[in-house]
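Enquirer: Below: one structure in structure tokens.
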Amino acid sequence: MPVASPQNDPAVEALERRFGPEVFTAQATLTGIPVLWVARARLLEALELLRELPQPYAMLFDLSAVDERLREHREGLPAADFTVFYQLLSVAGNRDLMLKVALEAGALELPSAVGLFPNAAWYEREVWDMFGIRFTGHPHLTRILMPPTWEGHPLRKDHAARATEIGPYTLTVEGQRHEQEALRFEPEAWGMAREREGAEFMFLNLGPNHPSAHGAFRIVLQLDGEEIVDCVPDIGYHHRGAEKMAERQTWHSFIPYTDRIDYTGGVMNNLPYVLAVEKLAGIEVPDRVATIRVMMAELFRISSHLLFLGTYFQDLGAMSPVFYTFTDRQKAYEVIEAITGFRMHPAWYRIGGVAQDLPRGWDGLMQGFVDWMPPRLDEYERTMMDNAIVRERTRDVAAFDAEAALAWGVTGPNLRATGLDFDLRKRRPYSGYDRFDFEVALGERGDAFDRGRVRIEEMRQSLRILQQCIDHMPAGDHKADHPLTTPPPRERMLEHIETLITHFLQVSWGPVLPPGEALTLVEATKGINGYYLTSDGGATSYRTRIRTPSFPHLQQIPALMRGGFVPDLIAHLGSIDFVMADVDR
């Protein structure tokens, strides 16, 4: 299995020319990208240099941390109690790079990167919330996923992970009053004035229980009549500790938890996780497995986009479309259920394969769906996107260009709506996507209208991929022949004692993966979804970082809506296509 090397990487060479090679410590990983440790004092300089290269690292793709205190396999790495890592993405160069900073337990402090990357604000708040690491110069370093009254930092290794590890929870009337008071919005804390020229602003809660919020999501609006002077998104109401749970589940048993991240994406959530685990294990899957995975992922892409389309137009005031799109989703779920046995959350992908082979007659069912959808999409485009009212409500609303999209960490259809051609299925093919013929759907203006139109065209392209899967499904097994993959076939288990032992260990304990770090990114339904896994040589993950697209997409809302109007905000929320589980994890 090849390891990522910083040698001959132009960004690494630029860093070493500027600072000298002694400033950086290279780490060999299975991430597929250069990983460099840098001193705290040189962090911002290094980030600034990377952002200003000829092929700039314009996007801070992810920022998080690791509690290293219980990690046993750290050979060759700088001493650290905690590590903060910055994953940067260069669209122009089509490459990534990761910087890491080692911190001691008594000095958990770093300079804020908000001045270089505006989307660092939420990521730094999350690191403070989860790990207790402070960022000096941050404009508003407060909790973001946990309640403001929470004590401790949940992703530290000494924080309880199960309800049985803490005392029973009780909430008195006084305690309830205290919790509610803690949620009170104080405009001054966010630099907001309460009045202007003698006229008071209205501060209005949109959510956390509002149909247009698409989940438990709250936005506090500062209003001057219908005009949005400013707003503050408030997330965390759906936080379930998915990354913490990954530390307590075996590599296999965490797969169903991934389904619940973007709960409209189904097996699309399984894909980056199992691909990252397979990197750690050194597993190569058969072509049939790769094609099945692509087929089911694209079917869920269509299902997710149909949900988006119906609710998007419902937000705009059209009631009929949601019934039509849900009718089409039902047809998709009939195929999904026939193949996997489940509907929304199949948890069907496995490490090294899929749960079972395709059933007899799968191709006829899939062909029926592929034949059904094209005229439906044509009808949606004619009756919705060509609708004069829809155009009036969405044209030039919440528009942004590619430069702003990269600065805020926007990916997926929302990025491509700006006209920027960046789709991982084309630029960095995975799971055999290089064998498929399809086009990348692009917009022009980057507004709410284009975000809807791009997804309709994406569904057409997904149907092209499905047709190719039907026509060219490879023969072979539905799982890799590897000791760390899914349990072996039953007939082999009954013939060989070694296989029986492997089966027993896989079911009762799960695979034990070698120490290492692996990273996989996929073009998921709502943008780029990534799993960064750290193994310490055990049956569970030492650290699972889940980078979801919806998290940065919501962070961009204030920058787009200042000076807009409340109806525009509703249209923009519908055009983003997010679910709160994908934000809060």
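Enquirer: Is it the case that Phe323 is surrounded by fewer than 20 Cβ atoms within 10 Å (Cβ to Cβ), without any contact (Cβ under 8 Å) to a residue 40 or more places away in the chain, in a helix (DSSP H, G or I) and of a type in the set (Phe, Trp, Tyr)?
Expert: Against the criterion (surrounded by fewer than 20 Cβ atoms within 10 Å (Cβ to Cβ), without any contact (Cβ under 8 Å) to a residue 40 or more places away in the chain, in a helix (DSSP H, G or I) and of a type in the set (Phe, Trp, Tyr)), Phe323 qualifies.
Enquirer: While we're looking at this one, here's another question. Exactly one condition in (1) of a type outside the set (A, V, I, L, M); (2) buried (at least 17 other Cβ atoms within 10 Å of the Cβ); (3) closer than 22 Å to Thr520 by Cα; (4) at pLDDT 90 or above is not met by Asp434; state its number.
Expert: (2)
Enquirer: Among the numbered criteria (1) surrounded by 18 or more Cβ atoms within 10 Å (Cβ to Cβ); (2) in contact with a Lys or Arg (Cβ under 6 Å, 6 or more places away or on another chain), which single criterion is violated by Leu97?
Expert: (2)
Enquirer: I'd like to know if the range 70-91 contains one or more residues that are under 30 Å from Pro233 (Cβ atoms), surrounded by fewer than 17 Cβ atoms within 10 Å (Cβ to Cβ) and touching a residue at least 12 places away in the same chain (Cβ under 8 Å). Reasoning before the result, please.
Expert: Applying the first criterion (under 30 Å from Pro233 (Cβ atoms)) to the range 70-91 yields 82-91.
Subset that is surrounded by fewer than 17 Cβ atoms within 10 Å (Cβ to Cβ): none.
No, because not a single residue in the range 70-91 is under 30 Å from Pro233 (Cβ atoms), surrounded by fewer than 17 Cβ atoms within 10 Å (Cβ to Cβ) and touching a residue at least 12 places away in the same chain (Cβ under 8 Å).
Enquirer: Being in the same structural domain as Leu306 (by TED's automatic domain parsing), surrounded by fewer than 22 Cβ atoms within 10 Å (Cβ to Cβ) and over 21 Å from the mean Cα position of the chain (by Cα), is that true of even one residue in the range 270-285?
Expert: yes
Enquirer: I'd like to know if the range 358-368 contains one or more residues that are over 20 Å from Phe300 (Cα atoms), surrounded by fewer than 22 Cβ atoms within 10 Å (Cβ to Cβ) and among the acidic types (Asp, Glu). Can you show your working first?
Expert: The first filter runs over the range 358-368 and keeps only residues over 20 Å from Phe300 (Cα atoms), leaving 360.
Imposing the further condition that a residue be surrounded by fewer than 22 Cβ atoms within 10 Å (Cβ to Cβ) reduces the set to 360.
Among the residues that remain, those that are also among the acidic types (Asp, Glu) are: none.
No: zero hits.
Enquirer: Now for a separate question. Under the condition of being among the small types (Gly, Ala, Ser) and more than 21 Å from Ala480 (Cβ to Cβ), which residue from the range 335-359 is modelled with the lowest pLDDT?
Expert: Result: Gly341.
Here is a yes/no grid of residues against (1) out of contact with any Pro (no Cβ under 6 Å at 6 or more places or on another chain); (2) within 28 Å of Tyr312 (Cα to Cα):
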residue	(1), (2)
Arg445	yes, yes
Gln461	yes, yes
Met473	yes, no
Leu500	yes, no
Phe504	yes, no
Thr520	no, no
Asn529	no, yes
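Enquirer: All but one of (1) crowded, with 18+ Cβ neighbours inside 10 Å; (2) in contact (Cβ under 8 Å) with a residue 60 or more places away in the chain; (3) within 30 Å of Leu280 (Cα to Cα) hold for Tyr57; state the number of the condition that does not hold.
Expert: (2)
Enquirer: Among the numbered conditions (1) surrounded by fewer than 19 Cβ atoms within 10 Å (Cβ to Cβ); (2) closer than 30 Å to Asp234 by Cα; (3) of a type in the set (Gly, Ala, Ser), tell me where Ala39 comes up short.
Expert: (2)
Enquirer: Select from the range 499-526 the residues that are surrounded by 24 or more Cβ atoms within 10 Å (Cβ to Cβ) and without any contact (Cβ under 8 Å) to a residue 40 or more places away in the chain and list them in ascending order.
Expert: none
The values are calculated or read from the model by the stated rules, or taken from the named source; none is laboratory data. Since the structure is predicted, the reported quantities are computational estimates derived from the model, not experimental observations. Reconstructed Cβ throughout: ideal geometry from the backbone, glycine too, with neighbour counts over all protein chains shown.
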